[in-house]
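Report on the structure given below.
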Amino acid sequence: QVQLVESGGGLVQPGGSLRLSCAASGSIFRINAMGWYRQAPGKQRELVAAIISGGSTNYADSVEGRFTISRDNAKKMVYLQMNNLKPEDTAVYYCNAPAGVLYSWGQGTQVTVSS
């Protein structure tokens with residue numbers, strides 16, 4: 001079993017920044033590939049950023065150039081640095097495998113971008 005715990009969300013004004021953290025524990029030796037998803041009210045959950053085993057990263061067009069995903073294998077942590085936030089970034093953010101078999105979902109962390 002792998003447990004994922006997201007944190008770092010909050011209320012921020014448009015143009016602001018937040019850094020989300022995802023802590024992995026349980027039956028996971030290292031983080032080979034992980035992604036950040038988000039789900040806005042009334043919308044489907046979408047993958048917005050992913051980091052794979054070689055360190056390559058991919059981003060959804062909507063966040064490209066503003067979000068940066070990174071990981072610390074020693075700490076089993078994955079991060080999402082979000083800059084220049086927009087109201088449309090408002091959502092609950094989750095971490096999980098970017099493809100294939102998913103882990104159990106964590107509780108997510110709420111990000112609200114509003115003036």
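Tabulated values for the structure
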{"item": "D61, D72, D89, reordered so the largest accessible area comes first (probe 1.4 Å)", "result": "D61, D72, D89"}
{"item": "Amide H contacts under 5 Å for G108, placed H, 5+ residues apart", "result": "E6"}
{"item": "Cα-based reach from K76 at 18 Å (exclusive), listing aspartates and glutamates while leaving out same-chain residues under 8 positions away", "result": "E6"}
{"item": "Burial order of peptide ranges 34-41, 96-103 (average beta-carbon count within 10 Å, highest first)", "result": "34-41, 96-103"}
{"item": "Listed residue (Q107, A74, Y59) projecting farthest to the positive dipole end of the chain, Cβ model", "result": "A74"}
{"item": "Integer Hz, Karplus 6.51/-1.76/1.60 couplings in order for the stretch 42-47, x for Gly and Pro", "result": "x, 10, 6, 5, 10, 7"}
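The values are calculated or read from the model by the stated rules, or taken from the named source; none is laboratory data. In this text the structure is predicted, and so the values were computed from the model without any measurement. Counting neighbours? That spans all protein chains shown, and the Cβs are built from the backbone with ideal geometry, glycine included. What goes into the accessible areas is simple: the full protein's heavy atoms, side chains included, and nothing from ligands, DNA or RNA. Shrake-Rupley method; radii C 1.70, N 1.55, O 1.52, S 1.80 Å.
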